[in-house]
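What follows is a short report on a single structure.
No value in this document is a laboratory result; all are computed from the given coordinates. This one's a predicted model, so the numbers in the text were calculated from it and none came from an experiment. Here the Cβ positions follow ideal geometry from the backbone for every residue, glycine too, while neighbour counts run over all protein chains shown.
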């Protein structure tokens, strides 16, 4: 039987309080994140990771001490492996925390597949996420002859959108009981300098938002696309989710928060959206706050990923 290795790329997160500092350093030392040459990038990554350490530890303490992202991604990998059937093995490769890409490459190599499919768990492409993981994979696999193909992005993949639509409608109907809901579609922000340099991320996020809104079929839908998780002094993509949450809350509007760039639960959904922004919304008059769950292992999403892999096996983008 021919064997295909599927590698799911994700950001990663610290599994414990001890893992927070190396995770932060790995993140900020990535040249896709900080574009300075060394030794300046190394020194700045050390400075930023030390400065953010206390706050980051506080965030992960609210999640039991570490991030649930690895466990959630492994659950997605198992669901996808079942969907694909015999001949496929799904591996999880994280960019900034174990299992790191270089370690996963060795496991994939030992599996001896006839083909490798690289599938980022980022529906929208950015050089800072998918691009960074692909560069790392290319570096560690250099000199090997295994046929390797990628699914670079899928901002309007039908299974992804259908799963998101189903979950959004459920929360929208609940929110309607408290008034006319304000729907805030949220994506992870990005410094505008990346967009100005040609990064397609914002355009693809807008494609996801437009396709989801059209699929909802709600004639009086009041929605705004926003961005979250800003750090540092640079100008980031706007509008800010926090600002829009405060505005709608002060107008006594029920809120429906829909993450459209995350497919797994992690600190930016479970803490930033579910705790920090929920509390701010209620403190400012929001009568009803609803956060749509990420698609996780929704059967439609998993089927959508499987279809992407099958298509990649037949007509794919070579690495």
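By count of other Cβ within 10 Å, fewest leading, how are 282, 266, 180 ordered? Could you put the intermediate results ahead of the total?
Details: 282 14, 266 21, 180 11.
Ranked by crowding around the Cβ, least crowded first: 180, 282, 266.
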Check your understanding: When a footprinting reagent is the concern and you count Cβ atoms within 10 Å, what order do 108, 258 take, fewest first?
Key -> 108, 258
Study note, to complete from the structure: Between the modelled labels at residue 158 and residue 2 (7 Å from Cα along Cα→Cβ) the distance in nm is 2.4
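Taking R0 as 51 Å, what FRET efficiency do you get between residue 214 and residue 54 from their Cβ-Cβ distance, rounded to the nearest 0.05? Intermediate results must be reported in sequence, preceding the final value.
Values: r = 44 Å, r/R0 = 0.85.
The formula returns an efficiency of 0.70 here.
Using a Förster distance of 35 angstrom, determine the FRET efficiency expected from the C-beta separation of residue 275 and residue 106, and round it to 0.05.
My answer for the efficiency is 0.40.
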Exercise for review: Please determine, in degrees from 0 to 90 and to the nearest 10, the orientation of helix 40-61 with respect to the longest principal axis defined by the Cα atoms of the chain, where the helix direction is its Cα long axis.
Suggested key: 60
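Could you grab the relative contact order for the chain? Cα pairs under 8 Å, six or more apart, rounded to a whole percent. Don't skip to the answer; put the middle values down first.
Values: 546 pairs, mean separation 72.5, N = 319.
For the chain, the relative contact order is 23 percent.
On full extension of the chain, what length is gained from residue 238 through residue 18, given 0.36 nm per residue of separation minus the C-alpha to C-alpha distance? Don't skip to the end; give the middle numbers.
Values: separation 220, 0.36 × 220 = 79.20 nm, distance 3.37 nm.
Once the chain is fully extended between residue 238 and residue 18, it gains 75.8 nm.
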Exercise for review: Tell me the label-point distance for the pair residue 78, residue 282, using the 7 Å Cα-to-Cβ offset, in nm and rounded to one decimal.
Suggested key: 3.3
Check your understanding: For the range 158-291, taking Cα atoms only, what is the radius of gyration to one decimal and the Dmax to the nearest whole Å?
Key -> 14.5, 44
Point to revise | Shape call, the chain: gyration tensor on alpha carbons, a/c limit 1.5 | key: oblate
Review point. Angle between the Cα long axis of helix 241-250 and the longest principal axis of the chain, 0 to 90 degrees, nearest 10?
Key: 20
Point to revise | Length released on extending from residue 114 to residue 177, taking residue separation times 0.36 nm less the Cα-Cα span | key: 17.3 nm
Study note, to complete from the structure: Simple spin-label estimate for residue 224/residue 207, 7 Å along Cα→Cβ, in nm, reads 2.6
Exercise for review: Find the relative contact order for the range 158-291 and round it to a whole percent, using C-alpha pairs within less than 8 Å whose residues are 6+ positions apart.
Suggested key: 35
